[in-house]
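Peer 1: Take this structure first; my questions come after.
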Amino acid sequence: MAMSSKQIVELNVNGIPHQLLVEPRKTLADVLRDDLGLTGTKLGCEHGVCGACTVLVDGRAIRACLMFAVQAQGPEITTVEGLASDGELDHIQKAFAENHGLQCGYCTPGMLMTAHAFLAENPEPTREQICEGMNGNLCRCTGYQNIIKSTAAAAKAAK
Amino acid sequence: MSETLDLREQAIRKWGSDNRAIRKGKWIGKPARRLEDPRYLTGAARYVADLELPRMLHAVYVRSPHPHARIVSIDKSVLPGLGKTVFAFTGEDLRDVPPLIDHVALDNLLRTPQPVIAIGKVRFVGDAVAIVLAADRYAAEDAAELLSSVVEYEELPPVPNVAASGASDAALLFEELGTNEIYREAITHGEVDEAFAKADRVFSTPFEHNRYMAAPMETRGVLADYDRADQQLTVWSSTQMPHFLRSVIAGQLGLPENKVRVIAPEVGGGFGMKMCTVPEEIAIPFIATQLGRPVKWIEDRHEHLIAATHSKQQSINLEVAVTNDGKILGVRGEFVGDGGGYSFNTESALIEPALAAKALPGPYRIENYREEVGAFLTNKSPVAAYRGVGWTAANTARELLFDEAARGLGIDPAEFRRRNMLRSDELPYLSCTGQVYDSGSYLESLDKALEAVDYQAFRQRQEELRQQGRYIGLGISSYVEQTAWGSESSAQAGTPLPSHDNATVTVDPSGKVTVAVSVSSHGQGHETSLAQIAADGLGVDIKDVVLLHGDTSNTPYGLGTYASRSAVIGGATVARAAADVREQILQVAGKMLEASPEDLVIEDGKVSVAGTPSRFKTLADVAYAAHWDSEVRNSEPLLSATRFYDPPANYANGCVVALCEVDADTGVVTLDRIVAVEDCGMVINPMIVEAQVHGAIVQGLGGAMLEHLIYSDEGQPLTTTYMDYLVPTFSDVPPIEVISIETPSPFTVGGIKGMGEGGQIAAPAALANAVADALAPFGARIEKLPITPDYVLRLMGKIG
Ligand code: FES
Ligand code: FES
C-alpha cells in the first residue's frame, strides 16, 4: 500500500486546459469525475468491459477507467458534457431522445461517445455494423433495440 | 360461468369500479417523448456516486475470502492513522444494530438473522467483515487491503449447493437451527392423485434453473450524512423503495422516522435487486451517525458480482398428467430454492420457489395441482428479487415440459397449448392456486405471435432445411404476469404484505402542475408517463407538469417501485388526485365565468364553457384567483389533493416466440428473431411499453443463453468480473418485434395493468424451446440453463 506522491498533470478537456495535482495511479475517469467534477462519465465495471466510462481522446473512443490521467496529457479529451453547445443537443443526443434510446441513462454517456467515434468512421452503417461497432458498450435496460435505432437515425440526420 | 360472474362482482364490490377517475385526453396512449431525457443525455443526471459533501469519507468493505468460516480476530491497530485519518468498523462495533430478518408471515419458516456486518461467522465469499474509511477512495482501498490481510479466520466445511446442504453430515450455516433446510411444505389443489391415475401419459422433467443476477449498470451505493445538531439523518441510496427504506433505517438505528430522510437520486437500473434493504444501507448510515461526517460507499463491479444479491436459482421437478388427445389432467411440482447464506430480508429464501409454485399454472386450465416448496441455505450470496421473481423459473419449467409432452403425444406444441389455455370469455377466472385472472387475451396472443412469424411456413422450411442438415427451431412461451403489487396481489402470490401508496397533485398560483408520487423511477420514464395522466386529468400540456419522486421529504409515503406496480398504483393515485384538483379548479372557474362547474371543460390550459369556447379563462388566471381572490376562492383555497390506492390484483399476459438456428458442428445458437405479444391493459405510453418489453426480453435472453454465477465445489465464486459473467451485448441480440393487445382490467382504475417483467418471464422458455425444437431430431431435452455451446453439443450427443 505504497502512497504515491502527487504530480502535476495537464489535461485538455472539452476545450478547456486544466492543471491538476494528482497521484500517478489515478485513472483518467477518476480525475475527470473527482478532480474536475465532470461526473457525466460513468463507471460500470472499472475493468474495461462495460464502456460506461468511454470518452473521446483526439476523437478516438477510449475507456477512461483503463487509462491513467498522466497518460492523457496533450490530446483533446471530450466527455459527454462537451457534446451539447449552448444547451442545444447535438444530432446524436437528439436521435437518442427521439428514438427512446435510453432508460436509466447510466450507459448513455458512454454510448453517445462511442456512437460519435463509430459514426465518424462509418457514416452509413448497417444494423450489423452498428452492433459490431458498438459491441463494447453494455446496456442493461434497453435490450439495445432502440440504441441501434437511435444510432441509425443519427447517421441519417448527419447527412 | 356463474362463478366467474361472482368473481367479477366480488372484486368490484370490494374495490369499486373507479374508471371514472381516469380522464383520457390528448396524452394517454401517445408515444410522448421522455421529459427526463435531456439531463441524461448531457451528463447532468446525478447518481449516488456523483454526489459529494464537505468532509466526506469514502467507505470500502473488507469482505470474506472464505465461503464458511469463523472470524477469530480482526486487528485494526495495523492501520496507520487509525481514528484520525482512517477509521474501521467491524461487526462487534455494530452490535447494537439489530440484524435484518425477513418479514414473511409464515410460521413454519425458519429465520436467519443477518447482522449488518458479520459477527463471529461468515457465510459466503463476500460476506461483510469490516468497513474501512478514509478521505479518499484510493487511500480507503489501501487501508482495506491492509486490514483484510490480517483478519484471522477458522475455516469451516463449505456448503456449496442444495445437495451438500441437505446431507446428513452437512455443516450448519446456523447451528442454532439444527438444519440447513429452512422450509418445506406441500399443498394439494383439487384431485391430483385421481388425475394421475386416470392419465393416458405422464411426462416429467427435472429442471435446474441457473443462478444469475440483475447486475444493473449502476452498482449499489449509499451516501449518509448525519447532522448532530439537528439529529437529522439524510441517506442517498440507489434504491427502488425510498420511503420503505426510511422506515427500516429509522427502526434499525432507533431514530424517529421524521428525522430520517431518504433520497433515491438518479438510479441506474434496479430490476428488483434494489428493492430489498441491503445490510450496507443500514451499516453506512450507522457509521455516519457515529463519526458525524458524511460517508459514501460505492460498490465496485467485482464486489457486486459476489456480494450483491443473486437470484433465480432453484431446482424444479415437474410432472404433467395428460390424455392422449393432449388434455392436461393434473400437475405435480417440487420447487427447491438455493437461498444462499442468509434467507434474505423482505421476502426470504422462499422468494424464488414459493412464487414459482404459485404461478405455475400460468394461462392454462389446471385444476388439479400439487405444489411442494422447499428452501435450503448454502454458502453463496443470498438470493433476492430480480425481475420476474420465481415466475421466470416456473414459466420456463412449465413451457419446456409442455413442449416435451406435445412432442411425446405427436401434437403440435401450439395446438397443445390451445387445447389447455383459458379463453377470454372464461375470465375472470380463479386459478387453483388462488390467483384471480381479471381479463386477458391468452389465445389471441398466441395466435398473433404465430401469425407474425408465419408458423406454417416456418414448419415447412424447417423440414426442408433438416433434409440439408441444417437445424432451425421455433420456441413458444405463453405467460401471465401478476402485476399491480398491492395487498391483494401479494396475498394472491402467497406472500402477503400490506401495501400503501399515495400521490399529491398541486396546481400553483401560476397554473403549473406539480405531482409528487410515492412510486420511484429508475429508468421506467415515470416523469413522462405519470405526467401524461396528470396532463389529461387537468387538461394541460405534459410540459407543464413536474413530477417529483424518490425523496421522502417532498413526496407522500408509499412503497416505491417493484413488481410491476407503478403504472397501476402511480397511475391511479395521480389520476384520482388530479380529478379532485380539477373539481377545485372548476369551482373557482365557475364563479369567474358565472357558469355551473358541471358545464365547464378544461383543455389546452383553458377553462371554458362547454360549447362556447369564447367564454374562457386561462388556467393561470383561475389558479391565480383561486389563491389570491377572496371573492372566488374556495374555503380551502389550496389547489391540491392527495389520494391513496391499494389496487386489486391484476394480470397482464402475452406470448413470446423465438426463432433460432443451431450450428450442428460448433453448438453455437444463432437467434434470428423474437416476436413478443404484450397485453398490459390500457397503455399509457406505447413507446415506453415497447422498450420495457425489449429490455426484459434481453435480460431473459441473458439468463437463458449466457449468464451463470458459478461457484466451485469449495464454494468459491468463479464469475467475478464481466469477463466471466457474460451479460448480453449488441451482437447477442436479434431484432425484437413487439405487438400490442389492449384488454383493460375490469378491476383497476382506468383498466391499467402493470408490465415490464413479461419478457424476462417468457423469453428463456421461448429460447430454450426453440433450441429443443431445432434439436428434436436428436431427442434433445433441455434440463438446465444457460444453453451454452458445449451444452448444445452434449444435447446432440456429440460430446459426453
Ligand atoms: S468502467 Fe470503464 S469499461 Fe467499464
Ligand atoms: S439505459 Fe440503463 S443501462 Fe442503458
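The values are calculated or read from the model by the stated rules, or taken from the named source; none is laboratory data. Computed from a prediction, not measured in an experiment: that's the story for all the values here. All Cβ positions, glycine included, derive from the backbone under ideal geometry; neighbour counts span all protein chains shown. Keep in mind that these areas ignore ligands, DNA and RNA; they rest on the heavy atoms of the full protein, side chains included. Shrake-Rupley method; radii C 1.70, N 1.55, O 1.52, S 1.80 Å.
Peer 1: What's the number of the condition B:Thr719 fails, among (1) touching a Leu at 6+ places or on another chain (Cβ under 7 Å); (2) surrounded by fewer than 19 Cβ atoms within 10 Å (Cβ to Cβ)?
Peer 2: (2)
Peer 1: Sticking with this one: Kindly evaluate B:Leu291 against the criterion of being closer than 30 Å to B:Gly83 by Cα, touching a residue at least 60 places away in the same chain (Cβ under 8 Å) and either in contact with a strand residue (DSSP E or B) (Cβ under 8 Å, 6 or more places away or on another chain) or surrounded by 21 or more Cβ atoms within 10 Å (Cβ to Cβ) (or both).
Peer 2: Spelling it out, B:Leu291 is indeed closer than 30 Å to B:Gly83 by Cα, touching a residue at least 60 places away in the same chain (Cβ under 8 Å) and either in contact with a strand residue (DSSP E or B) (Cβ under 8 Å, 6 or more places away or on another chain) or surrounded by 21 or more Cβ atoms within 10 Å (Cβ to Cβ) (or both).
Peer 1: If you check B:Glu319, B:Glu399, which single one turns out to be among the acidic types (Asp, Glu) and under 24 Å from B:Ser424 (Cα atoms)?
Peer 2: Result: B:Glu399 is the single residue among B:Glu319, B:Glu399 that is among the acidic types (Asp, Glu) and under 24 Å from B:Ser424 (Cα atoms).
Peer 1: Search the stretch A:43-76 for residues being not in a loop (DSSP other than H, G, I, E, B) and not aliphatic (A, V, I, L, M), and hand back the single one that is farthest from the other protein chains (Cβ to nearest Cβ).
Peer 2: My answer is A:Arg60.
Peer 1: Search the stretch A:131-145 for residues being without any contact (Cβ under 8 Å) to a residue 24 or more places away in the chain and facing chain B (nearest Cβ under 7 Å), and hand back the single one that is nearest to B:Gln240 (Cα to Cα).
Peer 2: Looking at the filtered set, the residue picked out is A:Gly143.
Peer 1: Listed residues B:Ala623, B:Ala658; which is in a helix (DSSP H, G or I) and farther than 30 Å from B:Ala491 by Cβ?
Peer 2: B:Ala623
Peer 1: Where in the stretch B:191-259 are the strands (runs of 3 or more DSSP E), entirely inside, with at least 2 residues that are over 25 Å from B:Gly270 (Cα atoms)?
Peer 2: Strands (runs of 3 or more DSSP E) meeting the threshold: B:201-209, B:221-227.
Peer 1: Among the candidates B:Leu600, B:Leu619, B:Leu586, B:Leu659, which residue alone is under 37 Å from the mean Cα position of the chain (by Cα) and either open to solvent by 40 Å² or more (accessible area, probe 1.4 Å) or modelled with pLDDT of 95 or more (or both)?
Peer 2: After ruling out the rest, the residue left standing is B:Leu659.
Peer 1: Just to be sure, is B:Val632 hydrophobic (A, V, I, L, M, F, W, C) and either in contact with a Pro (Cβ under 6 Å, 6 or more places away or on another chain) or in a loop (DSSP other than H, G, I, E, B) (or both)?
Peer 2: yes
Peer 1: Let me ask something else. Let me confirm something: among B:Gly523, B:Gly537, B:Gly494, which residue is touching a Phe, Trp or Tyr at 6+ places or on another chain (Cβ under 9 Å) and either within 14 Å of chain A (Cβ to nearest Cβ) or of a type outside the set (A, V, I, L, M) (or both)?
Peer 2: When all the criteria are applied, what remains is B:Gly523.
Peer 1: On the basis of being at pLDDT 95 or above and polar (S, T, N, Q), does B:Thr720 make the cut?
Peer 2: Answer is yes for this residue.
Peer 1: So, A:Ala72, is that one within 16 Å of ligand 1 (Cβ to nearest atom) and either open to solvent by 30 Å² or more (accessible area, probe 1.4 Å) or touching a residue at least 40 places away in the same chain (Cβ under 8 Å) (or both) or not?
Peer 2: For A:Ala72, the condition - within 16 Å of ligand 1 (Cβ to nearest atom) and either open to solvent by 30 Å² or more (accessible area, probe 1.4 Å) or touching a residue at least 40 places away in the same chain (Cβ under 8 Å) (or both) - is met.
Peer 1: For the stretch B:517-524, does any single residue satisfy the condition of being within 19 Å of the chain's Cα centre (by Cα), under 23 Å from B:Glu347 (Cα atoms) and of a type in the set (Val, Ile, Thr)?
Peer 2: yes
Peer 1: Restricting the search to the stretch B:208-229, which residues are more than 16 Å from ligand 2 (Cβ to nearest atom), touching a residue at least 24 places away in the same chain (Cβ under 8 Å) and of a type outside the set (Lys, Arg)?
Peer 2: B:Glu208, B:His209, B:Asn210, B:Tyr212, B:Val222, B:Leu223, B:Ala224, B:Asp225, B:Tyr226
Peer 1: Scan B:Asp169, B:Asp142 and give me the residue that is over 28 Å from B:Asp403 (Cβ atoms) and assigned to a loop (DSSP other than H, G, I, E, B).
Peer 2: B:Asp169
Peer 1: Could I ask something else about it? Here are the criteria: (1) away from ligand 1 (no atom under 15 Å from the Cβ); (2) in contact with a Leu (Cβ under 7 Å, 6 or more places away or on another chain); (3) under 20 Å from A:Leu11 (Cα atoms). Tell me which single one A:Asp90 does not satisfy.
Peer 2: Against the list (1) away from ligand 1 (no atom under 15 Å from the Cβ); (2) in contact with a Leu (Cβ under 7 Å, 6 or more places away or on another chain); (3) under 20 Å from A:Leu11 (Cα atoms), A:Asp90 comes up short only on (3).
Peer 1: Quick check on the stretch A:113-124. Is at least one of its residues facing chain B (nearest Cβ under 7 Å) and crowded, with 21+ Cβ neighbours inside 10 Å?
Peer 2: no
Peer 1: Considering each residue of the stretch A:127-143, count those that are out of contact with any Ser or Thr (no Cβ under 8 Å at 6 or more places or on another chain) and either among the acidic types (Asp, Glu) or within 12 Å of ligand 2 (Cβ to nearest atom) (or both), and give that number.
Peer 2: 6
Peer 1: Taking the stretch A:76-95 only, how many residues are in contact (Cβ under 8 Å) with a residue 60 or more places away in the chain, open to solvent by less than 30 Å² (accessible area, probe 1.4 Å) and either of a type outside the set (A, V, I, L, M) or away from ligand 2 (no atom under 16 Å from the Cβ) (or both)?
Peer 2: Of the residues in that region, 2 qualify.
Peer 1: Let me ask something additional. From the list A:Ala154, A:Ala158, pick out the single residue that is more than 7 Å from chain B (Cβ to nearest Cβ) and either within 15 Å of ligand 2 (Cβ to nearest atom) or farther than 21 Å from B:Arg39 by Cα (or both).
Peer 2: Exactly one residue qualifies, and that residue is A:Ala158.
Peer 1: Working only within the stretch B:672-693, note down all residues that are more than 15 Å from B:Ala770 (Cβ to Cβ) and either among the β-branched types (Val, Ile, Thr) or surrounded by fewer than 24 Cβ atoms within 10 Å (Cβ to Cβ) (or both).
Peer 2: B:Val677, B:Met682, B:Val683, B:Ile684, B:Pro686, B:Met687, B:Ile688, B:Val689, B:Glu690, B:Val693
Peer 1: Related question: Starting from the stretch A:43-57, take each residue that is near ligand 1 (Cβ under 6 Å from one of its atoms) and list its partners that are open to solvent by 20 Å² or more (accessible area, probe 1.4 Å), counting only C-beta distances under 6 angstrom and pairs at least six apart or across chains.
Peer 2: The qualifying pairs are A:Glu46/B:Asp300; A:Gly48/A:Arg63; A:Gly48/A:Leu66; A:Gly51/A:Gly136; A:Cys53/A:Leu43; A:Cys53/A:Arg63.
Peer 1: Identify all residues within the stretch A:31-47 that are open to solvent by 20 Å² or more (accessible area, probe 1.4 Å), away from ligand 2 (no atom under 16 Å from the Cβ) and not charged (D, E, K, R); write none if there are none.
Peer 2: A:Leu36, A:Gly37, A:Leu38, A:His47, listed by residue number.
Peer 1: Let me ask another. Looking at A:Glu121, A:Glu98, can you tell me which residue is in contact with a Lys or Arg (Cβ under 8 Å, 6 or more places away or on another chain), more than 15 Å from ligand 2 (Cβ to nearest atom) and either modelled with pLDDT of 95 or more or basic (Lys, Arg) (or both)?
Peer 2: A:Glu98
Peer 1: On the given criteria, is B:Asp96 at pLDDT 95 or above, more than 14 Å from chain A (Cβ to nearest Cβ) and in a loop (DSSP other than H, G, I, E, B)?
Peer 2: Against the criterion (at pLDDT 95 or above, more than 14 Å from chain A (Cβ to nearest Cβ) and in a loop (DSSP other than H, G, I, E, B)), B:Asp96 qualifies.
Peer 1: Does A:Thr108 satisfy the criteria of being crowded, with 21+ Cβ neighbours inside 10 Å, out of contact with any strand residue (DSSP E or B) (no Cβ under 8 Å at 6 or more places or on another chain) and within 12 Å of another protein chain (Cβ to nearest Cβ)?
Peer 2: Considered against the rule, which asks whether it is crowded, with 21+ Cβ neighbours inside 10 Å, out of contact with any strand residue (DSSP E or B) (no Cβ under 8 Å at 6 or more places or on another chain) and within 12 Å of another protein chain (Cβ to nearest Cβ), A:Thr108 comes out as yes.
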